[in-house]
Amino acid sequence: MPDILVPETADLARMVTAAGIFAVPTGEVRLSPDELDPAQILAGSPQVSSAELWSSPDGSQSRGIWEITPGTVIDVEHDEIFVVLSGRATVEVDGGATVELVPGSVCLLAEGTRTTWIVHETLRKVYHSMS
């Protein structure tokens with residue numbers, strides 16, 4: 001099956017407002033490459049991509065699909081909830097817990113948390129983030 005293109009965020013918002021619903025098979029959505037700061041990369045050559053499905057008018061919240069290929073990266077998190085759709089990763093919190101992410105995992109991240117992501121298999125998630 002070919003990749004599914006998601007409408008631009010503004011067009012998608014109009015579609016949802018008009019129809020009251022939007023659904024898409026997440027594994028087939030074509031994502032756009034995102035920039036990953038080279039200073040974040042600790043190992044490998046990870047690449048990130050995403051498709052934003054919604055953002056609040058003030059830009060403080062967003063929902064979408066995000067993907068990262070294998071490698072190790074560091075990050076400072078936003079307030080976020082996500083569900084892993086595919087792939088596998090270990091996330092280590094500086095001075096805290098370590099969690100294993102697998103398909104079906106639901107994860108909550110706290111604003112400002114410093115993490116290390118060790119991505120074993122390309123990980124795709126659907127998220128809601130607040131900044």
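The values are calculated or read from the model by the stated rules, or taken from the named source; none is laboratory data. Nothing here was measured: the structure is a model prediction, and the numbers come from that model. Here the Cβ positions follow ideal geometry from the backbone for every residue, glycine too, while neighbour counts run over all protein chains shown. Calculation scope for accessible area: heavy atoms of the full protein, side chains included, ligands and nucleic acids excluded. Shrake-Rupley method; radii C 1.70, N 1.55, O 1.52, S 1.80 Å.
Evaluate the relative contact order of the chain (contact order divided by residue number), counting alpha-carbon pairs under 8 angstrom at least 6 apart; express in whole percent.
Values: 306 pairs, mean separation 32.2, N = 131.
With pairs under 8 Å counted, the relative contact order is 25 percent.
Let me know the shape class of the chain, please: from the alpha-carbon gyration tensor, a ≥ b ≥ c as square roots of the eigenvalues, rounded when a/c is under 1.5, otherwise prolate if a/b is greater than b/c, or oblate.
Here the chain falls in the prolate category.
Using the Karplus curve 6.51 cos²θ - 1.76 cosθ + 1.60 with θ = phi - 60°, work out ³J(HN,Hα) for each residue of region 100-110 in order, rounded to whole Hz, and write x for Gly and Pro.
9, 9, 9, x, x, 5, 10, 10, 10, 10, 8
Let's see if you can work this out: charge +1 on each Lys and Arg Cβ, -1 on each Asp and Glu Cβ, no other charges. What is the dipole magnitude of region 14-131 about its Cα centre, in debye to the nearest 20? Numbers along the way, then the final one.
Numbers: 7 positive and 16 negative charges, 90 e Å.
Here region 14-131 has a charge dipole of around 440 debye.
How tilted is helix 9-19 with respect to the longest principal axis of the chain? Cα atoms for both, answer in degrees (0 to 90, nearest 10).
Around 50 degrees separate the two axes.
Packing-wise, with mean Cβ within 10 Å as the measure, how do 17-27, 77-87 rank, highest first? Write out the running numbers ahead of the final one.
On the way: 17-27: 9.6, 77-87: 17.3.
Ranking, from highest mean packing down: 77-87, 17-27.
Please report the carbon-and-sulfur percent of the accessible area for region 54-100; probe 1.4 Å, protein heavy atoms only, DNA, RNA and ligands left out. Don't skip to the end; give the middle numbers.
Working: 1230 of 2330 Å².
Using a 1.4 Å probe with all protein chains present, region 54-100 comes out at 53 percent carbon and sulfur.
Whole Å is fine, so just give me how far the alpha carbon centre of region 112-131 lies from that of region 44-88.
Cα centroid of region 112-131 versus Cα centroid of region 44-88: 6 Å apart.
Out of R63, R14, R88, any idea which swings most in a Gaussian network model of the chain, alpha carbons joined below 10 Å?
Fluctuation is largest for R14.
What whole-number value in Å² describes the accessible area per residue of region 1-109 for a 1.4 Å probe?
Details: 6510 Å² over 109 residues.
Value returned for region 1-109: 60 Å² of accessible area per residue.
Can you give me the solvent accessible area of D58 with a 1.4 Å probe, rounded to the nearest 10 Å²?
Rounded to the nearest 10, that gives 120 Å².
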